[in-house]
Amino acid sequence: MVFHQDLSLHAHELALARGGRRLAQGLSFTLKGGEALLVTGPNGAGKSTLLRVLASLLAPASGRLSLDGAGVEAPGLAAHYLGHAEALKGALTARENLEFWSEMLTMGDFGLSPDEALARVAMSHAPDLPVSYLSAGQRRRVAIARLLVAPRPLWLLDEPATALDAASQTRLAALMKDHLASGGIIVAATHADLGLPARELRLGAKP
């Protein structure tokens, strides 16, 4: 999958708030296809809030967002959001979870099959296991496989390496590099080195 060559994400003078408290303000950046932004800073600085704003799950306190070249108005409509919760049904198998998300999230272009996506995250041995049987790291790998079954140009990743061992972190880095090489955009909140060439946006200390 190769994304539109004019893909670009624009944030202008964003202000973030949670529970009525201002977390950050004056955030402006532009990312073009093939670029990544790592959002860093201490706990409570607004990293997760920024991702949720980009995913259209929260409204910014002020400022503007736009995504050009994706055929949609709101960035969240063309985004994969991988948060702290994996968004998987424990009673369904790994394959069934990915089949569900493929049908829900596909924007007209189909990605890998569930089995192909599971192979990319070294979970070929467990397609028929209920997700509730899996370890935290294995569930995270199934959640990452969700990014592969329904192509979307914008990946919003909140601490994506959580619960992953060293080998799985290496595979994640390779998947992110492949996404950038195809013209996609990544915004990742992280405390860890993701092994990714990227710009950094550091948010300040908690008020």
| field | Out of D165, D158, D178, D128, sole residue that is among the charged types (D, E, K, R) and within 21 Å of K32 (Cβ to Cβ) | value | D178
| Any idea which residue in the stretch 69-78 is surrounded by the fewest Cβ atoms within 10 Å (Cβ to Cβ), counting only those that are hydrophobic (A, V, I, L, M, F, W, C) and in a helix (DSSP H, G or I)? | L77
| field | Residue that is surrounded by the fewest Cβ atoms within 10 Å (Cβ to Cβ), among those in the stretch 51-68 that are of a type in the set (S, T, N, Q) and under 22 Å from P151 (Cα atoms) | value | S66
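Can you name the residue in the stretch 1-37 that is among the charged types (D, E, K, R) and either free of Cβ contacts under 8 Å to residues at least 24 places away in the same chain or assigned to a strand (DSSP E or B) (or both) and is also farthest from A70 (Cα to Cα) among such residues?
Here the residue is R21.
For the stretch 90-207, list the strands (runs of 3 or more DSSP E) that sit wholly inside it and hold at least 3 residues that are of a type in the set (V, I, T); which are they?
185-189
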| field | Residue list for the stretch 155-205, filter: of a type in the set (S, T, N, Q) and either touching a strand residue (DSSP E or B) at 6+ places or on another chain (Cβ under 7 Å) or surrounded by fewer than 19 Cβ atoms within 10 Å (Cβ to Cβ) (or both) | value | T162, Q169, T170, S182, T190
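Results for (1) under 24 Å from G184 (Cα atoms); (2) buried (at least 21 other Cβ atoms within 10 Å of the Cβ), shown as yes or no for each residue.
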{"site": "D6", "(1), (2)": "yes, no"}
{"site": "A11", "(1), (2)": "yes, yes"}
{"site": "R21", "(1), (2)": "no, no"}
{"site": "G26", "(1), (2)": "no, no"}
{"site": "T30", "(1), (2)": "yes, no"}
{"site": "V39", "(1), (2)": "yes, yes"}
{"site": "P42", "(1), (2)": "no, no"}
{"site": "A45", "(1), (2)": "no, yes"}
{"site": "T49", "(1), (2)": "yes, yes"}
| note | The correct count of residues that are closer than 11 Å to H10 by Cβ and either over 16 Å from the mean Cα position of the chain (by Cα) or aromatic (F, W, Y) (or both) in the stretch 52-68 is 5
| remark: Residue pairs within 6 Å by beta carbon, gap of at least six or interchain, first lying in the stretch 185-207 and under 16 Å from I144 (Cα atoms) and modelled with pLDDT under 95, second part of a strand (DSSP E or B) and basic (K, R), listed first then second, are none
| query | Is it true that some residue in the stretch 94-116 is loosely packed, with under 15 Cβ neighbours inside 10 Å and over 16 Å from P151 (Cα atoms)? | reply | no
| request: Take the residues in the stretch 79-89 that are assigned to a loop (DSSP other than H, G, I, E, B) and of a type in the set (G, A, S), then tell me which one is nearest to G184 (Cα to Cα). | output: G83
| note | Those residues of the stretch 132-148 which are of a type outside the set (F, W, Y) and out of contact with any Asp or Glu (no Cβ under 8 Å at 6 or more places or on another chain) amount to S132, L134, S135, A136, Q138, R141, I144, A145, R146, L147
| Residue ID - surrounded by the fewest Cβ atoms within 10 Å (Cβ to Cβ), chosen from residues in the stretch 79-88 that are small (G, A, S) and either touching a Leu at 6+ places or on another chain (Cβ under 8 Å) or closer than 22 Å to L203 by Cα (or both) | G83
| request: Write out, first by first residue and then by second, each pair whose Cβ atoms fall under 8 Å of each other, whose residues are 6+ apart or on separate chains, and whose first residue, in the stretch 49-69, is on the phi > 0 side of the Ramachandran plot while the second is outside any strand (DSSP E or B) and small (G, A, S). | output: S56/A74; S56/G76; G69/G33
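The values are calculated or read from the model by the stated rules, or taken from the named source; none is laboratory data. None of these values were measured; they are calculated from a predicted model. FYI the Cβ positions are ideal-geometry reconstructions off the backbone, even for glycines, and counts take in every protein chain you see.
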